[in-house]
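The values are calculated or read from the model by the stated rules, or taken from the named source; none is laboratory data. It should be emphasised that the depicted structure is a prediction, and the values quoted were computed from it without experimental measurement. For accessibility, only protein heavy atoms count, side chains too; no ligands or nucleic acids. Shrake-Rupley method; radii C 1.70, N 1.55, O 1.52, S 1.80 Å.
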Amino acid sequence: RALAVIAVIIFHLSADSLKGGFAGVDVFFVISGYLITSIIIKENENNIFSLKSFWVRRIKRIIPALSVVTITILTFKYWLLFRADIEPSAYQSLATLFSYANIYLWKLTRNYWGIQPEDTLFLHTWSLSLEEQFYIIYPVLVVLVLKRSIIALKYFCLALCIVGFIFFTIYCDDKPQASFYLLPFRFWELLIGCTAASFQASTSKLFSKSHSPLIGWIGFSTVVASFFLIDSENDIGPSLLFPTIGTVLILFKTAESSYSVKRILSNLFITYIGKISYSLYLWHWPLIFFYEHFNINSNFLYAVSLLFVSSASYFFIEKPARLHPKSLPIIVITFCLTLIFSLYIIKNQGKYDTSSFNKTYWSGFL
């Protein structure tokens with residue numbers, strides 16, 4: 001997760017610096033599918049899995065920090081920017097909150113860089129929406145398949161993954177924007193992780209310990225090389241197989257030697273970045289916009305502020321919401337308040353008189 005989020009941040013700061021950094025999202029998809037499937041299988045074996053508890057955990061994991069980021073973005077735009085331009089952001093916030101941001105942005109932009117950055121402060125939330133759409137459907141299918149056997153799940157995930165990749169490969173050239181944003185074209189990446197988790201017990205026996213470090217290094221090298229070699233303008237296609245397969249090779253836990261890639265991925269800094277990666281991902285794009293809007297050209301200051309905000313988000317929002325047994329009512333209230341704020345902006349937008357060219361609150365203050 002640390003490698004993935006760092007790659008995405010660098011790509012968004014300067015696409016030319018790391019042309020394949022956008023593939024960090026693909027790495028996230030694989031990790032997500034792997035972890036979720038591993039949890040479902042383990043809970044099913046212990047007869048404690050339920051769809052209700054699964055979806056509650058997803059809500060507690062995703063919604064709290066997302067609601068705070070959404071409120072922050074809308075408040076920033078409402079008070080500090082030209083108020084007549086806020087309506088698109090309010091509609092995008094609704095799409096984000098209800099997990100259809102990928103569909104909304106696909107219809108709006110038809111190109112990742114197709115509209116101006118100041119109108120797309122929720123641009124990065126498309127991947128969250130795609131994941132949540134997947135996790136509305138996938139657990140139900142897993143429960144049905146697991147009623148037969150774990151073997152059935154293995155081949156169900158594998159078959160669906162192959163079909164999804166073929167479908168993506170066929171249409172990625174003719175429909176590049178749809179292939180980038182929409183679930184029917186991207187679910188195969190999540191399913192690579194799902195397949196890896198379902199096959200893990202048997203695949204671990206395929207590799208002897210003597211080959212474990214080599215497999216780990218192949219996976220690590222493939223992922224890192226993909227960030228440099230894949231081009232965002234030309235490679236939204238089969239080349240995405242490289243970072244996803246590389247991620248699987250690492251996730252198979254074959255890198256157990258003290259001289260393996262495990263030493264790199266287990267140091268304190270990397271593990272900390274991985275731990276706060278969700279907050280880093282949520283905050284990195286709004287902070288990029290903030291720094292560009294106020295002409296602050298300091299990558300060091302940006303990195304420090306992003307690390308500070310994301311750490312605060314993790315320790316004071318993410319972690320308490322996920323771990324506290326009675327956090328759900330507060331999460332629901334926060335979500336509703338965010339929704340009300342978005343609707344208020346949309347409802348009152350037409351009443352704002354643009355003919356007078358009113359100054360923003362911030363410019364009036366200055």
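Quick rundown of the values:
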item	result
Above-threshold pairs, the threshold being 25 Å between Cα atoms, out of Lys52/Lys147; Lys42/Lys275; Lys175/Lys275; Lys60/Lys275; Lys42/Lys319; Lys60/Lys175	Lys175/Lys275; Lys60/Lys175
3J(HN,Hα) from dihedral phi, the stretch 47-63, Karplus parametrisation 6.51/-1.76/1.60, rounded to Hz, x for glycine, proline	6, 10, 7, 9, 5, 4, 5, 4, 5, 5, 4, 5, 4, 5, 7, 9, 5
Surface accessible to a 1.4 Å probe, Trp55 within the full protein complex, Å²	90 Å²
